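The values are calculated or read from the model by the stated rules, or taken from the named source; none is laboratory data. If you're wondering where the values come from, they're calculated on a predicted model, not measured in any experiment. In this analysis, Cβ positions are derived from the backbone assuming ideal geometry, glycine residues included, and neighbour counts consider all displayed protein chains. These area figures cover heavy atoms from the full protein model, side chains too; ligands, DNA and RNA do not enter into them. Shrake-Rupley method; radii C 1.70, N 1.55, O 1.52, S 1.80 Å.
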Amino acid sequence: MKIKLLSLLLLGIISFTSCVSSKKFKSLQEDNANLQKMLDAQKGKLTDCESSKMDLEKSIAKLNSEIGNSKGELTKFQNQVSELEKMNKQKEAEIQRIKDEIHKAFSMVDGADLSVKQMGDKLYVSLPNRILYKKGSGVLNKNGETILKSLSTVFTKNSGMKVVVEGHADKTPVKSDAPFKDNLDLSTLRANNVVRYLLKQKVAPEQLTASGRSSFEPTGVVAEGRDKTAMDRRIEFIISPDVSKLYELSKKK
């Protein structure tokens, strides 16, 4: 009887132990499964991080490349600016040289009668008509020929220079018995005769252009004495120094 009771007790203990071990095993399996899921999730995150890292590395490489290109463009731009500044100084030096030669050519002209202005790359030299012509005449006077002869040396020495000789009249209509139709006719004739004289002095034809203004364009300068508009009746030389060669030299570099 005792033996049977003992057997039953032992069987119960074994059964209980087996039941406990089975629950623990299942629990451990569940824990393992959860850990595996967590591990897989972390692996996924790691993969995403590695992918993001690669993307970032590509972006950094692209940015570094763009920075390198920008530095190259900046250096190129700075070189261009430096070249333009150098070229501008050369251009201004060339224009100043022409100014000095023009003033020398007009040395016999009273400074009050001579106007030399620079606008951009052009020089505007203005002389009242009385310097070159007698009043109401389209024929150059001897003093005018002497001045133009001196000026022609400036043009012949600078064969690339372009010159527009522009005649201007005042707003007073010509007299009915004058040998001219109107002020346009007179101003054009005077400009033509200046160009013809310069051509006789061996200035190249391709350097010269003659034109007469059809409209009255006052200088804004009021002359002394009774003839207040004397400076409006004038010959203007619109001179374009040959600065193009400076640009050509720049392009070749």
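Hey, which of these cross-link pairs are over 31 Å Cα-Cα: K89/K162; K142/K162; K104/K200; K71/K162? Correct reply: K71/K162. Here the extension length gained between K175 and D40 equals 37.6 nm, from 0.36 nm per residue of separation less the Cα-Cα distance. Of R213, R190, R130, R196, the residue with the largest accessible area leads and the full order is R196, R130, R213, R190 (1.4 Å probe).
What the Cβ-Cβ distance of K134 and D110 gives, at R0 = 25 Å and to the nearest 0.05, is a FRET efficiency of 0.90.
In this simple spin-label approximation, K23 and K62 carry label points 7 Å from Cα along the Cα→Cβ vector, and these lie 5.9 nm apart.
Please give the per residue accessible area of region 30-135, computed with a probe of 1.4 Å over protein heavy atoms only, in Å².
Here the residues of region 30-135 average 74 Å² of exposed surface.
Sorting H168, H103 on solvent-accessible area from highest to lowest, probe radius 1.4 Å, gives H103, H168.
When both region 173-189 and region 41-61 are represented by their alpha-carbon centers, they are found 89 Å apart. Note on L184 and N69: the extension gain reaches 35.4 nm, defined as 0.36 nm multiplied by sequence separation minus the Cα-Cα distance.
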